[in-house]
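The block underneath contains the structure these notes are about, expressed in structure tokens.
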Amino acid sequence: MCSKVFVIFVLVPASFLVILLALNTITSRQRQFQWDMNRKDVTSLPQLDRERIQQRAERLAKALTIQTISWERDVFETEALLQLHQHLKNSFPLIHSSPSIEVNVINGYSLLYTIHGNNNDKNDGVLPPYMLAAHLDVVPVANGTWKVADPFEGRIIDGVIYGRGALDDKSSVMGILEALEFLLENKYNFHRTFYIGFGHDEEVSGFEGAGHIAKHLKETGVSHLDFVLDEGYFVLEDLVEGVDDLVSVIGVTEKGYATLELSVEMTPGHSSIPPKETAIGVLAKAVLALETNPHPSMFGHGPEMDFFSYISSSAKIGHSVLFSNLWLLSPLLSKLLSRSPVTDAIQRTTTAVTIIQGGYKHNVIPGSSSATVNHRIHPADSLDQVIEHNRRVINDPRVRIKVIDYYPPTPISPYGLDVSAFNLIASSVKQIYPSSVIAPACSPANTDLRRYVELSDHLYRITPTVLTPVTRGGIHGDDEQITIEHYHNFIRFYVALMLNADQPEAGHLTVRHHREL
Ligand SMILES: [Zn+2]
């Protein structure tokens, strides 16, 4: 009797479950995303030859010698920015002399290129214009820590270009213009109008650069861009656990940002007769409460769940079972993600206490204390929810919370096979990296795209080059680098994208879904 019960209530359901998990895994491993590969065949164009690869690398290397550092908001190297403008003019003579290309300097140091299509009238049933974005500025470097080459030397050693900006983001600036110059050399006439926007202060807010480019566009009557593509994620190699293939990550949103100040005011006094609680003690308990009660996991509310379902077909079998059955196993995956700060940041609003102040003399109990808390807000979270959570876990009305700085997460742009702009970018990526798997994600870092939110609801992010565990450390770190070969593919991506976007059918998909594959 007992064994009968075991069979009916345990073994049979368990077997069904195993079969279901296996079937889901098999189905998902067989699923191929048919990104529209009928795009313009880039191989039919003259190929970029070896000698030109070297020249292009040298032009990038020269751009890396120009110290366009953004130090802090409103503090950037204006002379260097103007030098970089001159370098672009010298490097790309066809672009800068073409009668169909207009170049505007925006707010002194940013650049806006308008490539006028010959089929151009906005109301003519022609596709609306799109924009390629990148930034001219770079972050500062730590003194003397670069091992291979100096950060502003622009050296090429054994096929690798070294320098601040090699990945973030002068390769985008130079790569986009190389692609355009190449197409002009080949007498390509664009049908569709598009823009290239280079901000000059992305690293310190983007307010003066991209913010003013957006303003300029609106003032000149451009109210809608089909899509905007900016830097962001990369083509990841050996960086996604459980997947051997390259993973081409397209950012479809980015986290928001909030800096809060916690403050406590209490009666000051002499340290010889201390009260039970002090301003420092109350604040310390609040900080502890925030650190021990992280914001809730939002796994499944942003693009993170789709990231795993998109890569499930390329994952190793064990990972594939997990990624293909998130309807059941997402709590397990969420738990696994929470084990490392890097992966945990994907699924929730993060909390970092960055400054703490209180007291000024060793025998005086201070009357006040304060702490600064920096949150990166998950796209499914909001400032109100963040503050609400903080108040609840601190649970002490003596701790006041003030917002110092805030901007919201960008809305999640539509993605999937049936979203034209996403499909266009994905299929262009696949033309250059055919073996890679495409996956949508939320970018943990911020870009200039938040300045373009009012101009388009299709904002995407990819820096179209391979990022490895070695090169990853160079972004805002030491020995920033890109190989000449990778840079070559970088340019090929933009050639493919510009040609694909110029096809009349580039906008034929109109249905907008988030989750539908
Ligand atoms: Zn950047």
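Quick look at the numbers
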| read-out | value |
| --- | --- |
| Partner lysines for residue 402 [C-alpha distance under 29 Å; skip if fewer than 8 residues away on the same chain] | 255, 276, 285, 361 |
| Nearby lysines by direct alpha-carbon distance to residue 62 (threshold 22 angstrom, same-chain neighbours under 8 apart not counted) | 89, 147, 170 |
| Extension gain (nm, one decimal) between residue 220 and residue 505, 0.36 nm per residue minus Cα-Cα | 99.9 nm |
| The range 446-510: Cα Rg divided by the 2.2 N^0.38 Å rule of thumb | 1.44 |
| Nearest-20 debye value, the range 181-336 charge dipole, Cβ charges on Lys, Arg, Asp, Glu | 580 |
| 5 angstrom amide H check on residue 350, placed H, neighbours 5+ away | 376, 378 |
| Ratio of Rg to Rh over the range 354-407 (Cα coordinates, Kirkwood Rh, two decimals) | 1.06 |
| Ellipticity estimate at 222 nm from DSSP helix runs (n ≥ 4, -39,500 (n - 2.57)) divided over the chain, nearest 500 | -10500 deg cm²/dmol |
| Convex hull volume per residue in cubic angstrom - Cα atoms of the range 359-517 | 192 |
| Spin-label model distance (nm) - residue 277 vs residue 392, 7 Å beyond Cα toward Cβ | 2.1 |
| FRET efficiency, residue 360 to residue 401 (Cβ-Cβ, R0 35 Å, nearest 0.05) | 0.90 |
| Residue 14/residue 34 FRET efficiency (R0 25 Å; Cβ-Cβ; nearest 0.05) | 0.10 |
| Amide H contacts of residue 226 (H built 1.01 Å from N, under 5 Å, at least 5 apart or other chain) | 130 |
| Hull shadow area, averaged, the range 275-417 [alpha-carbon convex hull, nm²] | 11.3 |
| Karplus-derived 3J(HN,Hα), 6.51/-1.76/1.60, for each residue of the range 150-165, Hz, glycine and proline x | 5, x, 10, 8, x, 8, 10, 10, 6, x, 10, 9, 10, x, 5, x |
| Accessible-area composition of the chain, carbon plus sulfur, in percent [1.4 Å probe] | 55 |
| Whole-number percent relative contact order across the range 71-205, with pairs defined as alpha carbons under 8 Å at least 6 apart | 41 |
| Gain on full stretching of the segment that runs from residue 472 to residue 265 - 0.36 nm per residue minus C-alpha separation | 70.1 nm |
| Radius ratio Rg over Rh of the range 132-290, counting only Cα atoms, Kirkwood formula for Rh | 1.16 |
| Simple label model, 7 Å out from Cα along Cβ direction - residue 118 to residue 6, nm | 8.0 |
| Rh (Kirkwood; distinct C-alpha pairs) - the range 394-436, Å | 14.6 |
| Probe 1.4 Å, protein heavy atoms only - accessible area per residue of the range 50-170 in square angstrom | 47 |
| Spacing of the two label points (7 Å from each Cα toward its C-beta) at residue 338 and residue 153, in nm | 4.7 |
| Extension gain (nm, one decimal) between residue 104 and residue 126, 0.36 nm per residue minus Cα-Cα | 5.5 nm |
| Per-q log10 I(q)/I(0), the chain, q = 0.06, 0.07, 0.13 Å⁻¹ (Debye; single scatterer per alpha-carbon; no solvent) | -0.34, -0.45, -1.29 |
| Kyte-Doolittle mean at least 0.0 and Cα axial length at least 24 Å: DSSP H helices in the chain | 12-30, 484-501 |
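The values are calculated or read from the model by the stated rules, or taken from the named source; none is laboratory data. On a predicted model such as this, the values are computed, not experimentally measured, just so you know. Because the Cβ atoms are built from the backbone with ideal geometry, glycine has one as well, and the counts that use them run over all protein chains shown. Areas reflect the complete protein model, heavy atoms only, side chains present, ligands, DNA and RNA absent. Shrake-Rupley method; radii C 1.70, N 1.55, O 1.52, S 1.80 Å.
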